[in-house]
Amino acid sequence: MNARSDLPQGTLDLLILKIVALGPVHGYAIAQRLQQVSRDVVQVPQGSLYPALHRLENRGLLAADWKDTESGREAKFYRLTRKGRKQLEAEAASWARLTEAVALILNLSGEGAQ
Amino acid sequence: MTWLGRLIRRKEVEQQLDKELRFHFDQLVSDRLRDGESPEEARRQASLDLGGLEQTKEMTRDARGTRWLEDLAADTSYAIRILRKNPGFTAVCLLTLALGIGATTAVFSVVNGVVLKPLAYAHPERLLNLQEKTNWSTAWGDLWAFSYPNFIDCRDGTRSLEMSALHNAGGGIVSAPGDAAYVEGLEISSNLFDMLGVRLLAGRSFSVQDDRPGGAPVVILGHSLWQRRFGGDPRAIGRRLVYNGIARTVIGIAPAGFRIDDDEIDLFTPIGQDTSPLQLDRERHGTVVWARLRPNATLAQANSELGIIGHQLATAYPKSNRGRTFFAEPLHPDVGSVRSLLWLLLGAVSLVLVIACANIASLLLARALSRQRELAMRAALGASRGRLIRQNLTESALLGLCGGALGVACAAAAVRLFLRIWPDILPRSGNVRTDPTVLLFAAGLSIVSGLLCGISPAIRTRLGELDKILRAGARTIAGNTRRLHTGFVIVQIALAVVLLASAAMLGRTLLYLSSLNPGLDLDNLLVARVALSPGTLADPPRTRAAWKDILRRAREIPSVQSIATIDTVPMREGSNEIGYRTSAAPIPENQIPVVLANCTTPEYLKTMRIPLLSGRFLDDHDDSHSQSVAVIDEVMAKQAFPGKNPIGKHLWIGIGPDPVTVVGVVGHVRQWGLAGDDHARIRAQLYYPFSQIPDPLVRRWSELMSVVVRTRAGSQSVIGSLQQAVRGAANDQVLYETHSMKELAAASLARQRFLLVLFGIFAALALILGCIGIYGVLSYLTSQRVPEIGVRIALGATAMQVMALVLRQSFTMVAIGLLFGCAGALTAARVLVWLVEGMRAIDPLTALLTLFVLTAAAFAASFVPARRASRIDPVRALRQD
């Protein structure tokens, strides 16, 4: 689905869950937040955001309500479900383990080269 | 929202998606406007950022997970449009499928009702049938019915089983209320209805007090007898009914449709009240025992308990029970050899279905090729190959389902019609109906056959060379499917040969069997059973006198030429098989030869017109004071006295204390019917006089007696006069189960005729479908060759040459099909010979006839396309496209 994303497979879901965990938020704000927080490193084609959101909603990790924004327009606000929170914790932990392991290996190969 | 909810409220979901994305888009635009971009530029950039509104929507729909269902709905409506656009094509497909699926469903509904459906009692899986088993065998094997004393001991000795005994004492006469008439009676244990879980329609079941010697004279009525005798009046409970001379009180009425095995019983009496010597004899085995496993008990426990009891009884009663034990097995409906015949028919009819599927598959394939450009176009617009295959299969599955629905309707009507025309051909035929199992089967069959038809066109959807297909003209896009199409025709021809050859073999067999000499003259011959007055039966001399009286009165009827009594009638159910010895020396039980014994009166030979070969037949001088005599048939003469003159020889047959003397030899009679007799286990026949049977046997023998009557040619029905003659002084003797001998002979071939009719129908369907198949494929292949043929004609080919060209193509397919078909037919022939009584192996004439019919039909089907090809206008053919 997100073949055009530069992110590793599955990472987008993790990022979305993390951002939604901070409080109910609509799709546009998620896109904004992704860019701002990652200082434009993470480039998510905004089109691939919605398939991901709908998939997460489908799996019951996110729930959504229609609410008014500050500008008075109605928008679809996503929030984390209990199941979503568990998933976020599990994925965040496994992500941390993975990056740690990758870093270790990279360091190791650096020493070997010297 | 669940996936189902989303599917149902698809419109709402779509609107929300649109609203959500539009919000995003508007935000993007307003942000860019704030940054000072021009409105056009802002919208353009926003659209780019979002990756195109429609693409994003499409991707989001995919992510929802109900995509396949939405596609299915879309595909279905597309398929319906396509099918409606080609009504001719659709009609042919639907009709073909309806024939195939309908025929298969019809046969399956019979298989389901007769073979698969469990007995109509509560929890039939816990019901058991009990039998006695000996560690030695006789000509009948090692399994026995129970003796009643053994049943009592088993019943009282087991804890895992609730047991019930049933004894068919042979029915009897109900003489009041109303006229005397014969009824089917059954003696049962008091708990039978409870054990089967059947609730009486009214009244109560027998109590334990009823079910013992000297119990109150009570009776439970079968539903039909209740209707006949009491007009369905619920106040029948408590009324009196005279059965076999005993006035009994009606205490209960069985529900409608209640059957024991497959028989509807007229009335039930308590088995414990039967104190006849035969019933109390541990060596007489005539009682059927059914049982139900008690809660938590297992079949293994029951059998080990029965084994222990068997061992105890063998020690206690060595004379009757040595080497004898008891065992239980699940109670199944008794349908005998019909089971294998029905599976055979299901196999045969599924060949018809395969032919139908091959037919439609080749039609769909031809059409798929002409639609290849459309598919290429859709692929170019972004449809994946899988998606296109799915679309294709949806269409054929839809065809299958619609064809199936039509087929089920036809099947239901056909089965009903069939059972009305031929009600008695099958056991348990009352269970045959279009029930949920049948519908499920038909639905599965429809989808599977739909998919089978669609699979080959679907996987041929090749999209590798899109540009080529799109650029090519109609002429070149067809691709080479000649092989596949030829394959379909070969399959159809081969299967049609199998069915046609089987039908032809059955036809030949039936012709042959009908031409056999039954051993007697079937014309103007009546047989009927006779029930004597219950009062008469108690006294042997009076019984003998009553028979003489009946014969004398019957002879006074002008149209009666001659009459005799006989216990077993040729070609009718029931035989008396007894062991015999040719010397006084004892023979081990399992080596005693067996003969069909007939107890009769002197006029039997003349009445049946059986030829006398040597010596004399029984005559009026054979009585209890003269020497015991018997007459044997030619088969027994060869078997018992090979190479010797049997006249004057002695036979020990166990009826009376002395050996009997053979006084004559007569022709063989086909006791087992026209089809079955040649291969019957026991064919030897023996006749002994009723006048010489000892007094103790007179009663039982009389209960089984029938009369055979030769009437004068051309005379009106004599049944009425015969009934009058039989009535007797007390007006309580009846004639029942009247048949003409011709009917019995025809009935002995009923099964063969039944198979012939069905195979004939299947073969005709196969032939028609096969011809349609050849016609369709050849038309298609020829139309593909129009330009080529045009060139040939332009270069000077004559019409005959062009026709030969097309016919040659057809000939190759047909020849290969015939070759495979012959191999299949030989296999089918073996199966038929193995399963069908009296079946004759295939003969050259039948084989040739089959091949001729098929070849002729195939060429007739090829002729039209060939002729069309020969009339192609070369100029137009070359300009085409």
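A short reminder: the numbers here are calculations on the coordinates, not readings from a lab. The structure presented is a predicted model; accordingly, all values stated were derived computationally and were not measured. For neighbour counting, all protein chains shown are included, and Cβ atoms are generated from backbone atoms with ideal geometry for every residue, glycine included.
Here are the numbers:
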| read-out | value |
| --- | --- |
| Two-decimal log10 I(q)/I(0) for the stretch B:124-330, as the Debye equation yields it once each C-alpha is a single scatterer, q = 0.13, 0.15 Å⁻¹ | -0.74, -0.94 |
| In order through the stretch B:570-586: 3J(HN,Hα) via Karplus (6.51 cos²θ - 1.76 cosθ + 1.60), integer Hz, x for Gly, Pro | x, 6, 10, 4, x, 8, 10, 9, 10, x, 9, 10, 9, 9, 6, 5, x |
| Within straight-line cross-link reach of residue B:638, lysines at Cα separation under 20 Å, skipping those fewer than 8 residues along the same chain | B:649 |
| Helix-derived mean residue ellipticity, 222 nm - over the protein assembly as shown, DSSP H n ≥ 4, -39500 (n - 2.57), to 500 | -17500 deg cm²/dmol |
| 0 to 90° range, to nearest 10: angle between helix B:799-835 axis and chain B longest Cα axis | 40 degrees |
| Spatially proximal lysines relative to residue A:76 (Cα-Cα < 16 Å; intrachain offsets below 8 disregarded) | A:67, B:19, B:57 |
| Loop-located trypsin sites (Lys or Arg not before Pro) in the stretch B:626-715, at most 14 other Cβ atoms within 10 Å (DSSP) | B:644, B:681, B:712 |
| Distant alpha-carbon pairs in chain A (separation over 20 angstrom), percent | 48 percent |
| Long-range tail of P(r) for the protein assembly as shown (Cα pairs > 48 Å, %) | 52 percent |
| The stretch B:787-850: C-alpha gyration tensor shape, a/c 1.5 cut-off, then a/b vs b/c | prolate |
| Helix B:67-85 axis, angle to chain B major axis (alpha carbon atoms, nearest 10°) | 90 degrees |
| Distance (nanometres) between label positions extended 7 Å along Cα→Cβ at residue B:343 and residue B:140 | 2.8 nm |
| Loop-located trypsin sites (Lys or Arg not before Pro) in the stretch A:20-114 whose Cβ has at most 11 other Cβ within 10 Å (DSSP) | A:39 |
| Straight-distance crosslink candidates among lysines, where the alpha carbon sits under 17 Å from residue A:86 and sequence neighbours closer than 8 are dropped | A:18 |
| Square roots of five times the Cα gyration tensor eigenvalues for chain B, Å | 71, 39, 23 |
| In degrees, nearest ten, helix B:39-50 long axis to first principal axis of chain B (Cα) | 40 degrees |
| Of all DSSP beta bridges in chain B, antiparallel share, percent nearest 5 | 80 percent |
| Per-residue average of Cβ from other chains inside 10 Å of B:44-54 | 2 |
| Theoretical FRET efficiency, 1/(1+(r/R0)^6), r = Cβ-Cβ of residue B:743 and residue B:294, R0 45 Å, to 0.05 | 0.45 |
| At least 30 Å along the helix axis (C-alpha) and Kyte average at least -1.0, DSSP helices within chain A | A:82-113 |
| Other protein chain Cβ atoms within 10 Å, averaged over every residue that makes up A:60-68 | 1 |
